[in-house]
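Below is one structure, written out as structure tokens; comments come after it.
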Amino acid sequence: MNQRAAVLSLISPAYLWLTLTILLPLSAMLYYSFLSDVPIGNREVSWTLENYGTFFEKAFYSELMLRSFKLGAEVTAFCLLLGFPCALALSKSIGGRTKEALFLLIILPFWSNALVRIFSWTMVLRGNGILEYSINWLLPGTGPLGLMFTYPAILLGLVHSYLPYMILTCYISIDAIDNQLLEAARSMGAGKLTILFRLIVPLALPGIVAGSVLIFIPVIGSFMEPRLLGGRNGTFIGTIIEDQFTAVFNWPLGAALSFIMMGLVLLVLLGFSPIVRRFK
Amino acid sequence: MNFRVLLKFVCFQWLIVLILGSSVISAAEIRVLNWQGYGTDEAWALEMFKARTSIEVVHDYFNSEQEMLTKLRTNPGVYDVVLINSAYTGQAAEEGLIEAIETTGMANVGDLSPSMRNDPKLVTDGKTYGVAWVWGVTSFAVDTGDFQQTPDSIEALWDPKNAGRVGWRDDAVEAVQLAAVALGQDINNPSDMNAIRQKLRALKPQIRTFWSSEDEWNQFFSANEFDLATYWSGSASRSKNTFGLPVEFVLPQEGAIGWLDGLSIPTNAPNRNEAKAFINFMIDPDFYVKWDTEVGAPTSANAKAVSMLPADAFNRTALSDSKKVAKVQFMGPMENALREEIVELWQETKAYFQN
């Protein structure tokens, strides 16, 4: 009984904090999503389900939602493909000073503002920008790359922004794998690929899952990167939601779209949880 | 010796009194809400205004009319002066976001063209909710380096020769109204939304990117991201004069979107009198002539100010050509239902634009 009181008193500040910073704003948005108009000034507002209905009435909302999920999946996949080998090398092949220096390089981009990072990408990618100029200098006659304002440009910017999450979470779980385990496998004749896929990947799965979740969720709602790098191709559900809040002042619809997105994200995560559990 | 120390001490005290005193005197500070780089925030103008009235001016910006209305709704009692496109002045007044302005004592109001000063969009029941400031048109501008001959039709935006070279403002109302101009429809009450939908969809191969602010327009133009783009007449002359860009604004034969911008005072503005002094300064010929000749501006609502411009100024020549101006359709107030339809149409079109 005493122990329970101790646990409660230790946990309660964290829960109080969560209630204040997450639950309250979120419930305010939930409240908005059922209103017919923004309750500011002398407007008449009433309860309605219309905002949720709009999503199902107009096909383009779900098309854009699908497009955002596709973007989330692709960015996560690229981050995994690039980040996992990087984390493996950092943990098992590199040591000492080099490791520290490499870690610094990975974390360094985090010290700059996300907006600044994306703006620098626009300078690199745009017509006659840094990338096009250097490639044409090295290989004259390559001509324009036409990367700016395309889907690949958005992918590039997002993968660059979110890669450190994947490297760091994978590194932590790979580093926890006992080297003797790998030596034992090797001594019993397991090949490199067998060790990778039967030992390291399953044992590093918590890190992979954590990294994927950390990347997948924010990328689905991203709006700044698609706007700046995507041009005409930069419309996603995130930019549509942003439009509702800043450009057209339809907070109820923006809130409803956000909650639909949140519900779908939860469904995707639930769908993946049995796979994760089986590996454990 | 002691006397000199005392003297120093007294001087030092006086210095502190002066510094504190001056900060109290210059404490009058007004907050202006406007588009960025749109006249009210010119550094030289604010210096000129401060020299005349010792009032400091600080700014906050918006990128769309709806954002401006949102800022007024969510920050009551914060702003002293706000720029409102006259198509929205009635709505803002109806919502109680702005208050009627007592214009007696504002010396320059008398010089405004009567038709603009008394425009029914700005004046309701004899009460002035917005002081007419400048007017201009929205159509498009071209890069003179890419166009030997300046096009005279709005169809240039749809011309396959310009595929992938068009910049377009990401704004639902402006997009739909430009399509309405191209189709010869009434911009304030389009008769055939389906035709407009098709016209906008036809832009898919044309548009390279969207822009949202004048600053962004200039950046994209300098980086050669587009050869022609929708634009505002005043901004085009700024891009030409201040930034030295090879920009030519086009007043198409089909007409264009006209707008009249007014300056208003938000309800319960903390510094009402200072705000009135600022608005009066903004319609002063001294400010306008310098703004238009050295920076670039739309056409002033102050007839006296326009007549003081050099004889070859764009705002005296191109826009005083009555034949061309006759085709300009002025933006009027819009019913909420129509606005919502337009917003949804534009978002659906943007979804259609995705590869």
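The values are calculated or read from the model by the stated rules, or taken from the named source; none is laboratory data. Everything numeric here is computed off the predicted structure, so don't read it as measured data. Virtual Cβ from ideal backbone geometry, glycine too; neighbours counted across all protein chains shown. In case anyone asks, the SASA skips ligands and DNA or RNA and just uses the protein heavy atoms, side chains included. Shrake-Rupley method; radii C 1.70, N 1.55, O 1.52, S 1.80 Å.
Here are some notes:
- Spread of Cα-to-Cα distances over 20 Å intervals beginning at zero, given as percent, for the protein assembly as shown: 15, 42, 30, 11, 1
- Burial ranking of peptide ranges B:53-65, A:123-135 (average Cβ count within 10 Å, highest at the top): B:53-65, A:123-135
- Peptide B:222-231 - average C-beta neighbours from other chains (10 Å radius): 2
- Protection proxy ranking for A:177-184, B:99-106, A:86-93, using the average of other Cβ atoms within 10 Å per residue and placing the highest first: A:86-93, B:99-106, A:177-184.
- Reachable lysines, given that their alpha-carbon falls under 19 Å from the alpha-carbon of B:Lys350 and they are not under 8 places away in the same chain: A:Lys58, A:Lys70, B:Lys199, B:Lys204
- Neighbouring partner chain Cβ atoms per residue of B:63-69, average, 10 Å criterion: 4
- Annotation for B:Ala311 and A:Arg277: the two label points, set 7 Å from Cα along the Cα-Cβ direction, are 8.8 nm apart.
- Peptides B:177-186, B:244-253 ordered by average Cβ neighbours within 10 Å, highest first: B:177-186, B:244-253
- nm² value of the averaged projected area, convex hull over the Cα atoms of the range B:155-313: 11.6
- Dipole size of chain A about its Cα centre, with +1 on Lys/Arg Cβ and -1 on Asp/Glu Cβ: approximately 840 debye, rounded to the nearest 20.
- Summary of the geometry: the range B:133-204 and the range A:209-280, compared by the centres of their Cα atoms, lie 32 Å apart.
- Chain A: projected area of the alpha-carbon convex hull, averaged over directions, in nm²: 23.0
- Charge dipole of the protein assembly as shown (Cα centre as origin; +1 on each Lys and Arg Cβ, -1 on each Asp and Glu Cβ, all else neutral): 2400 debye, rounded to the nearest 20.
- Stretch gain in nm, segment B:Asn75-B:Lys290, where the contour uses 0.36 nm per residue and the Cα spacing is subtracted: 74.1 nm
- Qualifying lysines (Cα of each under 24 Å from Cα of B:Lys276; at least 8 residues distant if same chain): B:Lys50, B:Lys71, B:Lys121, B:Lys127, B:Lys290, B:Lys304
- Leading residue at positive end of dipole, the range A:63-279 (Cβ point charges), from A:Leu71, A:Ser93, A:Leu168: A:Ser93
- Here's the picture: charge each Lys and Arg Cβ at +1 and each Asp and Glu Cβ at -1 in the protein assembly as shown, and of B:Asn194, B:Gln36, B:Tyr129 the one pushed furthest to the positive end of that dipole is B:Gln36.
- Counting Cα-Cα pairs of chain B in 10 Å increments starting at 0 gives whole-percent bin shares of 5, 23, 31, 23, 10, 4, 3, 1, 0, 0.
- At least 27 Å along the helix axis (C-alpha) and Kyte average at least -0.5, DSSP helices within chain B: B:2-25
- Extension gain for the segment B:Ala303 to B:Val58, taken as residue separation times 0.36 nm less the Cα-Cα distance, is 85.4 nm to one decimal.
- Largest-first ordering by accessible area, 1.4 Å probe, given options A:Trp47, B:Trp211: A:Trp47, B:Trp211
- Shielding by partners, peptide B:201-209 (average Cβ within 10 angstrom, other chains): 3
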